[in-house]
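Colleague: Submitted below is the structure of interest, expressed as structure tokens.
Please treat every number below as a calculation from the coordinates, not as lab data. As the structure is a prediction and not an experimental result, all values here were calculated from the model. We place every Cβ from the backbone using ideal geometry, glycine too, and count neighbours over all the protein chains shown.
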Amino acid sequence: MRQVVLLTTGGTIASTTNESGKLVAGELTGEELADLCGLPKDIQVTIHSVLQKPSMHITTDDWRQLQQEVKRAFLDPEVCGVVVTHGTDTLEETAYFLELTNTDERPVIVTGSQRGPEQLGSDAFMNLRHAIYAACEPQLRGTGCVVVFNERIFAAKYVKKEHASNLQGFNAFGFGYLGIIDNDEIFIYQKPVHRDCYGLGPGRLARIGIAKVYLGMEAETLEVMLETMDGLILEGVGRGQVPPALVGPVERALKKGMPIVMTTSSEEGKVYPTYAYAGSAHDLQQRGVILGSDYDSKKARIKLMVMQTAHANLANGFV
């Protein structure tokens with residue numbers, strides 16, 4: 001019989017409804033969730049309740065704990081894959097962290113739900129069921145961490161929550177999904193050609209901030225963030241531009257040795273040194289800013305965080 005380890009962390013998929021009709025996220029244990037949703041009978045599922053939290057309450061220390069649970073699960077050679085249930089608000093971030101820190105070839109599947117298991121029309125049962133089947137899929141070996149949601153399979157690097165409440169909650173803009181699940185059968189149409197994995201050392205994860213740039217942004221706004229961070233993601237516009245007022249604080253931080261990565265707020269396309277003016281991607285690259293290719297700011301933050309903690313070479317990390 002195929003074996004899957006289910007790690008639960010809370011979220012809407014593990015929610016209950018209180019007396020006022022509001023959801024209380026992360027209330028159910030893994031065992032309680034399994035009882036409500038039902039699990040496939042042809043797969044042996046071992047359940048571990050790792051956390052019971054709304055996903056916005058999850059911390060980087062929790063990430064460490066979850067990563068260790070994944071590593072522990074893969075010590076058993078009979079395990080086909082690991083499923084992680086998670087709240088949808090930060091699901092894409094945890095999925096990418098697990099993508100970068102899991103070196104095993106077997107798949108890690110992250111899923112959740114937009115509606116609680118007690119709500120009418122809940123997607124909790126099917127998402128969990130499909131994630132378990134995906135964890136057993138041989139074609140997903142070597143793919144890394146993927147997100148299974150609403151019958152679709154997404155790569156962790158590009159998946160985003162696209163809708164606040166609709167059952168079609170996730171998408172991968174410009175890249176699409178890797179495959180689908182239809183009547184419990186997995187169909188894979190494309191796979192990533194490259195994986196980045198890093199061995200995390202001991203200690204806390206680096207503190208990386210995100211500064212979302214806007215027209216007229218003042219230097220003082222950026223300086224406050226730079227004072228407390230180990231590194232920074234600049235979410236610029238277009239090909240990677242920022243207002244000229246920000247060049248000074250950025251240059252001073254770079255001279256102190258702080259890594260700064262430029263990303264774009266555009267949904268598709270990559271940062272590129274196209275323009276020659278103050279605050280352009282070309283100008284900032286000449287001063288030492290790392291151009292973040294097509295990474296969105298949240299994924300770039302996680303990658304910089306992991307790379308710094310793993311003491312990896314940042315020069316070729318964002319290509």
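Colleague: For the chain, report the convex hull volume of the alpha-carbon atoms normalised per residue, in Å³, without decimals. Don't skip to the end; give the middle numbers.
Modeller: Details: hull volume 43.5 nm³, N = 319.
So the per-residue Cα hull volume is 136 Å³.
Colleague: Which GluC sites (Glu not before Pro) does the range 206-294 hold that lie in a coil by DSSP with at most 16 other beta carbons within 10 Å?
Modeller: Working: sites: 218, 220, 223, 227, 235, 251, 267, 268; in loops: 218, 227, 267, 268.
For GluC sites (Glu not before Pro) across the range 206-294 that sit outside H, G, I, E and B with at most 16 neighbouring Cβ atoms in 10 Å, the list reads 218, 227, 267, 268.
Colleague: Further question on the same structure: With the calculation restricted to Cα positions, what are the radius of gyration and Dmax of the range 131-283 in angstrom?
Modeller: In Å, with Rg to one decimal and Dmax whole: 19.5, 57.
Colleague: Say we join alpha carbon atoms closer than 10 Å with springs in a Gaussian network model of the chain; which of 39, 120, 128 then has the biggest fluctuation?
Modeller: Checking each option, the largest mean-square fluctuation is seen for 120.
Colleague: While we're on this one: Quick check on my link table: of 53/161; 41/160; 256/299; 160/270; 41/298; 191/270, which ones sit more than 26 Å apart, alpha carbon to alpha carbon? Write out the running numbers ahead of the final one.
Modeller: Details: 53/161 19 Å; 41/160 31 Å; 256/299 24 Å; 160/270 17 Å; 41/298 37 Å; 191/270 20 Å.
Long pairs (Cα-Cα over 26 Å): 41/160; 41/298.
Colleague: Could I ask something else about it? Report the rotationally averaged projected area of the range 2-188 based on its alpha-carbon convex hull, in square nanometres.
Modeller: Numbers: hull surface 38.1 nm².
If you wrap the Cα atoms of the range 2-188 in a convex hull and average its projections, you get 9.5 nm².
Colleague: Counting other beta carbons within 10 Å of each residue's own, what order do 109, 47 fall into, fewest first? Mind showing how you got there, number by number?
Modeller: Values: 109 29, 47 18.
So the residues, fewest neighbours to most, are 47, 109.
Colleague: Can I ask one more? In whole angstrom, how far apart do the alpha carbon centroids of the range 237-257 and the range 154-188 sit?
Modeller: If we compute the Cα centre of each part, the gap is 34 Å.
Colleague: If you split all Cα-Cα distances of the range 208-316 into 10 Å bins from zero, what percentages do you get per bin, shortest first?
Modeller: 16, 54, 28, 2
Colleague: Restricting to DSSP H runs of at least four residues, report the calculated mean residue ellipticity at 222 nm for the chain, -39500 (n - 2.57) per run over all residues, nearest 500 deg cm²/dmol. If you can, show how the numbers build up before the last one.
Modeller: On the way: 8 runs with 82 residues, N = 319.
Calculated at 222 nm, the ellipticity per residue is -7500 deg cm²/dmol.
Colleague: Hey, fewest Cβ within 10 Å first, where do 98, 91, 254 land in order? The partial results should precede the final answer.
Modeller: Values: 98 24, 91 29, 254 17.
Lowest to highest Cβ neighbour count: 254, 98, 91.
Colleague: Could you calculate the FRET efficiency of residue 276 with residue 185 from 1/(1 + (r/R0)^6), where r is the beta carbon distance between them and R0 is 51 Å, rounded to 0.05? The partial results should precede the final answer.
Modeller: Working: r = 53 Å, r/R0 = 1.05.
Between residue 276 and residue 185 the formula returns 0.45.
Colleague: Based only on other Cβ atoms within 10 Å, what is the fewest-to-most ordering of 186, 208, 13? Let's see the in-between values first.
Modeller: On the way: 186 20, 208 23, 13 32.
Taking fewest neighbouring Cβ atoms as first place, the list is 186, 208, 13.
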